[in-house]
Amino acid sequence: MVHNIIHIEFCTKDRKALSKFYADVFDWKITHIEEMNYSTFETGDGVGGGFNPVSDQTPSGTVTVYIQTEDVTASLKEVVKAGGVMVSPEMEIPNTGKFGLFRDPQGNLVGLFKPLPMV
(Lines give C-alpha, C1' and ligand atoms only; values in the text may rest on other atoms or scores of the structure.)
Protein backbone atom coordinates (compact mmCIF):
# COMPACT_ATOMS: atom_id res chain seq x y z
CA MET A 1 0.00 0.00 0.00
CA VAL A 2 1.09 3.54 -0.73
CA HIS A 3 1.14 5.64 2.44
CA ASN A 4 -0.02 9.00 1.06
CA ILE A 5 -0.45 12.16 3.07
CA ILE A 6 -4.24 12.53 3.09
CA HIS A 7 -5.11 15.14 5.74
CA ILE A 8 -3.49 18.10 7.52
CA GLU A 9 -4.69 19.75 10.75
CA PHE A 10 -3.85 23.19 12.10
CA CYS A 11 -4.34 23.59 15.87
CA THR A 12 -5.84 26.92 16.76
CA LYS A 13 -7.31 28.95 19.60
CA ASP A 14 -9.95 30.35 17.20
CA ARG A 15 -10.79 27.95 14.37
CA LYS A 16 -13.28 30.29 12.70
CA ALA A 17 -10.81 33.19 12.55
CA LEU A 18 -7.99 30.98 11.28
CA SER A 19 -10.19 29.26 8.71
CA LYS A 20 -11.34 32.68 7.46
CA PHE A 21 -7.69 33.69 7.05
CA TYR A 22 -6.96 30.67 4.83
CA ALA A 23 -10.22 31.09 2.90
CA ASP A 24 -9.45 34.77 2.25
CA VAL A 25 -5.80 34.25 1.29
CA PHE A 26 -5.97 30.93 -0.60
CA ASP A 27 -9.67 30.66 -1.51
CA TRP A 28 -10.06 27.39 0.39
CA LYS A 29 -13.61 26.07 0.89
CA ILE A 30 -14.41 25.93 4.62
CA THR A 31 -17.07 23.82 6.36
CA HIS A 32 -17.78 24.36 10.06
CA ILE A 33 -18.91 21.27 12.01
CA GLU A 34 -20.26 22.84 15.19
CA GLU A 35 -21.14 19.58 16.99
CA MET A 36 -17.48 18.52 16.73
CA ASN A 37 -15.96 21.99 17.40
CA TYR A 38 -14.08 21.46 14.14
CA SER A 39 -13.78 23.09 10.72
CA THR A 40 -12.64 21.40 7.52
CA PHE A 41 -10.98 22.88 4.45
CA GLU A 42 -10.79 21.81 0.83
CA THR A 43 -7.93 23.08 -1.31
CA GLY A 44 -9.19 22.03 -4.72
CA ASP A 45 -7.02 19.25 -6.13
CA GLY A 46 -4.63 19.25 -3.16
CA VAL A 47 -4.76 17.59 0.24
CA GLY A 48 -7.52 18.88 2.53
CA GLY A 49 -7.68 19.05 6.27
CA GLY A 50 -9.10 20.82 9.26
CA PHE A 51 -8.77 23.30 12.09
CA ASN A 52 -8.63 21.62 15.49
CA PRO A 53 -8.91 23.28 18.93
CA VAL A 54 -5.70 23.50 20.95
CA SER A 55 -5.09 20.96 23.73
CA ASP A 56 -2.27 19.89 26.04
CA GLN A 57 -1.01 17.54 23.30
CA THR A 58 -1.53 20.05 20.48
CA PRO A 59 -0.76 23.65 21.46
CA SER A 60 -1.36 26.54 19.09
CA GLY A 61 1.06 26.34 16.18
CA THR A 62 0.94 22.55 15.94
CA VAL A 63 0.43 21.20 12.42
CA THR A 64 -0.38 17.49 12.20
CA VAL A 65 0.06 15.52 8.98
CA TYR A 66 -2.03 12.35 8.55
CA ILE A 67 -0.70 9.37 6.61
CA GLN A 68 -3.06 6.80 5.10
CA THR A 69 -2.72 3.21 6.29
CA GLU A 70 -4.66 -0.04 5.98
CA ASP A 71 -4.27 -0.89 9.69
CA VAL A 72 -3.85 1.91 12.22
CA THR A 73 -3.02 -0.39 15.16
CA ALA A 74 -0.41 -2.37 13.19
CA SER A 75 1.19 0.85 11.92
CA LEU A 76 1.34 2.26 15.47
CA LYS A 77 3.15 -0.91 16.58
CA GLU A 78 5.69 -0.41 13.77
CA VAL A 79 6.15 3.22 14.84
CA VAL A 80 6.91 2.21 18.44
CA LYS A 81 9.23 -0.58 17.26
CA ALA A 82 11.17 1.98 15.18
CA GLY A 83 11.57 4.45 18.06
CA GLY A 84 8.41 6.55 17.88
CA VAL A 85 5.95 7.10 20.74
CA MET A 86 2.24 6.37 20.52
CA VAL A 87 0.18 9.40 21.60
CA SER A 88 -3.30 8.05 20.85
CA PRO A 89 -4.35 4.46 20.09
CA GLU A 90 -6.69 3.65 17.22
CA MET A 91 -10.01 5.48 17.59
CA GLU A 92 -13.04 5.65 15.35
CA ILE A 93 -14.53 8.77 13.77
CA PRO A 94 -18.18 7.90 13.02
CA ASN A 95 -18.96 7.64 9.30
CA THR A 96 -15.38 8.64 8.45
CA GLY A 97 -12.73 6.10 9.45
CA LYS A 98 -10.15 5.30 12.12
CA PHE A 99 -7.12 7.24 13.30
CA GLY A 100 -4.25 7.19 15.77
CA LEU A 101 -1.48 9.64 16.69
CA PHE A 102 2.23 9.27 17.36
CA ARG A 103 5.36 11.35 17.83
CA ASP A 104 8.29 10.49 15.63
CA PRO A 105 11.82 10.23 17.12
CA GLN A 106 12.29 14.00 16.58
CA GLY A 107 9.04 14.87 18.41
CA ASN A 108 6.82 15.68 15.41
CA LEU A 109 3.14 14.84 15.94
CA VAL A 110 1.91 12.62 13.08
CA GLY A 111 -1.45 10.97 12.50
CA LEU A 112 -2.39 7.69 10.87
CA PHE A 113 -5.74 7.39 9.13
CA LYS A 114 -7.76 4.59 7.58
CA PRO A 115 -10.78 5.99 5.74
CA LEU A 116 -13.99 4.01 5.45
CA PRO A 117 -14.41 2.40 2.03
CA MET A 118 -16.16 4.58 -0.53
CA VAL A 119 -19.70 3.37 -1.19
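Among the residues of the stretch 82-95, is there at least one that is in a strand (DSSP E or B), more than 16 Å from the chain's Cα centre (by Cα) and closer than 22 Å to PRO115 by Cβ? Let's see the steps before the verdict.
Narrowing the stretch 82-95 to residues in a strand (DSSP E or B): 85-93.
Filter again for more than 16 Å from the chain's Cα centre (by Cα), leaving 85.
Now restrict to residues that are closer than 22 Å to PRO115 by Cβ: none.
No, because not a single residue in the stretch 82-95 is in a strand (DSSP E or B), more than 16 Å from the chain's Cα centre (by Cα) and closer than 22 Å to PRO115 by Cβ.
Within the stretch 1-36, how many residues turn out to be over 17 Å from VAL63 (Cα atoms), of a type in the set (A, V, I, L, M) and part of a strand (DSSP E or B)?
Residues flagged as over 17 Å from VAL63 (Cα atoms), of a type in the set (A, V, I, L, M) and part of a strand (DSSP E or B) within the stretch 1-36 amount to 2.
When you check GLY48 against the structure, is it among the small types (Gly, Ala, Ser) and within 21 Å of LYS114 (Cα to Cα), yes or no? Spell out how you get there, then give the answer.
Values: among the small types (Gly, Ala, Ser): yes; within 21 Å of LYS114 (Cα to Cα): yes.
For GLY48, the condition - among the small types (Gly, Ala, Ser) and within 21 Å of LYS114 (Cα to Cα) - is met.
For ASP104, state whether it is over 22 Å from MET36 (Cα atoms) and either surrounded by 13 or more Cβ atoms within 10 Å (Cβ to Cβ) or at pLDDT below 95 (or both).
When the stated conditions are applied, ASP104 passes them.
Test THR69 against the stated conditions and say whether it is touching a Ser or Thr at 6+ places or on another chain (Cβ under 7 Å), surrounded by 13 or more Cβ atoms within 10 Å (Cβ to Cβ) and either in contact (Cβ under 8 Å) with a residue 40 or more places away in the chain or in the same structural domain as CYS11 (by TED's automatic domain parsing) (or both).
Criteria met by THR69.
Table: residues versus (1) closer than 17 Å to ILE6 by Cα; (2) not assigned by TED's automatic domain parsing to the domain that holds ASN4.
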position	(1), (2)
LEU18	no, no
ALA23	no, no
THR40	yes, no
VAL47	yes, no
THR64	yes, yes
VAL79	no, yes
PRO89	no, yes
LYS98	yes, yes
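The values are calculated or read from the model by the stated rules, or taken from the named source; none is laboratory data. None of these values were measured; they are calculated from a predicted model. Ideal geometry is used to build each Cβ from the backbone, glycine not excepted, and the neighbour counts take in all protein chains shown.
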